[in-house]
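To start, the structure under review is shown below, and the notes come after it.
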Amino acid sequence: MRPHLTGRGPAPLLPLFSLVAGLLVSPGGAAHAGPAPPGDRAAPGRAAAALTVHGLGDVRGNPTLPAAGAHGTSVTRRSHAPGVIGATGIVHRPEPGAGPERGKLAAVVTRGRAAARRAFTASVPELPRKQPFTAYAMNYFTGEGPVVFRSGTEAEWYLFIDESGGRGYVPFESTGLDSERWTASAGHALPAGARHGTVLPVTQEEYERLLGAYTMG
């Protein structure tokens, strides 16, 4: 579904399911390992080795660490590069054109007086350059609920009315939220049965990336 930016009606829509890259950290089966025997000083080391971090090569969201690890251990966070990933997990992406930054996030695992440390190296990409919005992406469910949003390319507002038990979303448009006149949009294309969604503006570059990763079906 390629964008048709010169015609009337809402800008093209794509189903959006999971586009944000971030960090997911699991405690390595802590719920099944059970507490280590009393006095087991190796427990923090084994728990640290069991930690798993996903998405280190492209960190765009704020990472989290579990507060509890395997074998009855506790987990805290340390940052070796607070300008990239802060001690609280806030990610600071470089400015456009600066290139990606690398930073180390350490997990400190303790049990009693015993402790172990494990470091993870993350790559944080630069921020994208600001570009004008040319299309929309929408995530949706098969429940019920209308959505209203302002056009990013025209002086209009769009209202997707949920036709319960029927076609799902039916788009209407108006010149403003305080207008008493809403007319059915012409030339639109929506996924069959789409309803209860959220519309996000995207740039042309983002739109092309979405087209490469997702298709209408």
### Query
Once you list every other residue whose beta carbon is under 12 Å from the beta carbon of Arg46, what net charge do they have if Lys and Arg are +1 and Asp and Glu are -1?
+2
### Query
Just the projected area, averaged over all directions, of the convex hull on the alpha carbon atoms of segment 133-213: how many nm²?
5.6 nm²
### Task
Could you list which residues have their amide H under 5 Å from that of Gly61, counting only those 5 or more apart in sequence or on another chain, with H placed in the peptide plane?
Gly22, Leu23
### Message
Show log10 I(q)/I(0) for segment 50-195 at q = 0.17, 0.22 Å⁻¹, two decimals, from a solvent-free Debye sum over equal Cα scatterers.
### Response
-0.90, -1.24
### Message
If amide hydrogens are placed 1.01 Å from N in the peptide plane, which non-local residues have theirs closer than 5 Å to the one on Glu163?
### Response
Gly168, Tyr169, Val170
### Task
Please list, in chain and number order, the residues 5+ apart from Val202 or on another chain whose amide H is under 5 Å from its amide H, with Hs placed from the backbone.
Thr134, Ala135, Tyr136, Ala137
### Task
Please turn the phi angles of segment 87-98 into ³J(HN,Hα) values with the Karplus equation 6.51 cos²θ - 1.76 cosθ + 1.60 (θ = phi - 60°), one per residue in order, whole Hz, x for glycine and proline.
5, 8, x, 6, 8, 10, 6, x, 5, x, x, 7
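Quick check on packing: order 61-72, 96-107 by the mean number of other C-beta atoms within 10 Å, highest mean leading.
Values: 61-72: 18.0, 96-107: 15.2.
In decreasing order of mean packing, 61-72, 96-107 become 61-72, 96-107.
Values quoted throughout were computed directly from the atomic coordinates according to the rules given, and no laboratory measurement underlies them. Predicted model only: the values in this text are computed from it and were never measured. Because the Cβ atoms are built from the backbone with ideal geometry, glycine has one as well, and the counts that use them run over all protein chains shown.
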